[in-house]
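The values are calculated or read from the model by the stated rules, or taken from the named source; none is laboratory data. Since we're looking at a predicted model, the values are computed, not measured. Heads up, the Cβs are rebuilt from the backbone with ideal geometry, glycines too, and the neighbour counts pull from every protein chain shown. Quick note on the areas: whole protein, heavy atoms, side chains included, nothing else; ligands and nucleic acids left out. Shrake-Rupley method; radii C 1.70, N 1.55, O 1.52, S 1.80 Å.
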Amino acid sequence: MSTTVETPPGTTTDGPGAVRPTAFTRVRRAIGGNTTLVNIVGLLVAIVLLYAYLTFNAVGFFTAANQSGLLRDAALIGVAATGMTLVIIAGEIDVSTGPAVALSSVIVASGISQWGLPTIVAIIVTLVIGTAWGAVAGVLRAWFAVPSFIATLGLWSVLRGLAQFVTNALPVQIPDADPIMDFLNGDVLGIPTPAIVMILAFLVFGFIARKTSFGRSVFAVGGNAPAARLAGIDVRRVRVTLFAIMGFLGALSGVLLTARLGSGNSTAANGLEFDVIAAVVVGGTAMTGGRGSLIGTFLGVIFITLIGNGLVLLGVNSFLQNVVRGVIIVLAVLLNVTLSRRRGAREDD
């Protein structure tokens, strides 16, 4: 009399009593257990589908001029989204990005055209000032326990008001012939300079996030701040540094915007913070902190930029464009929360 042992689906036998998963099952389980990878693959598929749809349905989408404009638009979002990713991984938020970019554009334009500063000096001054106001938000959060949303919401109002006050809400023109600004608005080997700046920012901060002790501290603070403090991490220093970095990158975006527009404008970058946050969330960074990926954010930036560009080319009403962006943010957060819960349940098991 003999007995037959059934082999579970998705497994193979490798000798008496030995049951192991098939190669396909192992790959499926590995992908399913890695929420970051799932998000990246999903974004790549979505971007390919968007490109295919817009190429055949949006007139002028696949032209060289539009693709160059796409990269420039992506850079404005992407440079700031680099810092925002680290801020959100640490369990914080910065809603002052739009006014920070606008005021930075006003400062650098005023420095060049009104204060008589050399362009490079005006840029450095702008970056230093941007870093300083970012650090102020960090100090409010780290030393006075002001929630980051409230601290940066107050900063949003201050920066926007200052930009409009000093310019009377009028553009500040920069000289037409400025070699440095022309370079920042130009191309290198056919690639827009702002896009190169964005890629460099992602590479630098991606390295910092994954390969340095500071980057590991950011993840630790976002995952469990009290535990990180007990482990010897200076949580206050990490938070102040993160918001200072965010201020620096916002100022850099303002410089790039000034080069593109040929002026500093207090009303520019209105609502930019929503696109930046949307790109980070769509990229898979957990709003609760402790998990995120610069690669995911980069793809999120491309996705958000494609959506905005496509809606314009398809002639969608500008008010409805805001509706679409809002729906995307909500759906991204829902997906983010669902994946986080699945991951938590798997870890508990």
**Qualifying residue in the stretch 309-317 (condition: touching a helix residue (DSSP H, G or I) at 6+ places or on another chain (Cβ under 7 Å) and buried (at least 22 other Cβ atoms within 10 Å of the Cβ))** = no
**Asked** Out of all the residues in the stretch 128-156, which are of a type in the set (V, I, T), open to solvent by less than 50 Å² (accessible area, probe 1.4 Å) and within 21 Å of the chain's Cα centre (by Cα)?
**Response** T131, T152
**Request:** Starting from the stretch 156-175, take each residue that is within 14 Å of N270 (Cα to Cα) and list its partners that are part of a strand (DSSP E or B) and open to solvent by less than 80 Å² (accessible area, probe 1.4 Å), counting only C-beta distances under 9 angstrom and pairs at least six apart or across chains.
**Result:** A163/G264
**Message:** Being open to solvent by less than 10 Å² (accessible area, probe 1.4 Å) and either modelled with pLDDT under 95 or more than 19 Å from V280 (Cα to Cα) (or both) is the requirement here; does S113 meet it?
**Reply:** no
**Asked** Considering only the stretch 207-224, how many residues are over 30 Å from R260 (Cα atoms), in a helix (DSSP H, G or I) and either aromatic (F, W, Y) or open to solvent by 20 Å² or more (accessible area, probe 1.4 Å) (or both)?
**Response** 8
**Asked** Would a scan of the stretch 236-245 turn up a residue that is out of contact with any strand residue (DSSP E or B) (no Cβ under 7 Å at 6 or more places or on another chain), open to solvent by less than 20 Å² (accessible area, probe 1.4 Å), among the aromatic types (F, W, Y) and at negative phi?
**Response** yes
**Asked** What tally of residues in the stretch 157-196 results from selecting those that are in a helix (DSSP H, G or I) and buried (at least 19 other Cβ atoms within 10 Å of the Cβ)?
**Response** 9
**Request:** Determine whether F207 is more than 21 Å from D234 (Cα to Cα) and among the aromatic types (F, W, Y).
**Result:** no
**Request:** Just give me the residues in the stretch 113-137 being under 20 Å from F165 (Cβ atoms) and either touching a Lys or Arg at 6+ places or on another chain (Cβ under 8 Å) or among the β-branched types (V, I, T) (or both), in sequence order.
**Result:** V125, T126, I129, V136
**Item:** V204 vs. criteria assigned to a helix (DSSP H, G or I), among the β-branched types (V, I, T) and open to solvent by 40 Å² or more (accessible area, probe 1.4 Å)
**Value:** yes
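Going by what's in this entry, would V79 be described as modelled with pLDDT of 95 or more, more than 30 Å from V281 (Cα to Cα) and surrounded by 15 or more Cβ atoms within 10 Å (Cβ to Cβ)?
Criteria not met by V79.
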**Request:** Evaluate the following for A46: is it in a helix (DSSP H, G or I) and at pLDDT 95 or above?
**Result:** no
**Message:** Step by step: first the residues of the stretch 251-267, then only those that are at pLDDT 95 or above and touching a Phe, Trp or Tyr at 6+ places or on another chain (Cβ under 9 Å), then the one that is surrounded by the most Cβ atoms within 10 Å (Cβ to Cβ). Which residue is that?
**Reply:** A251
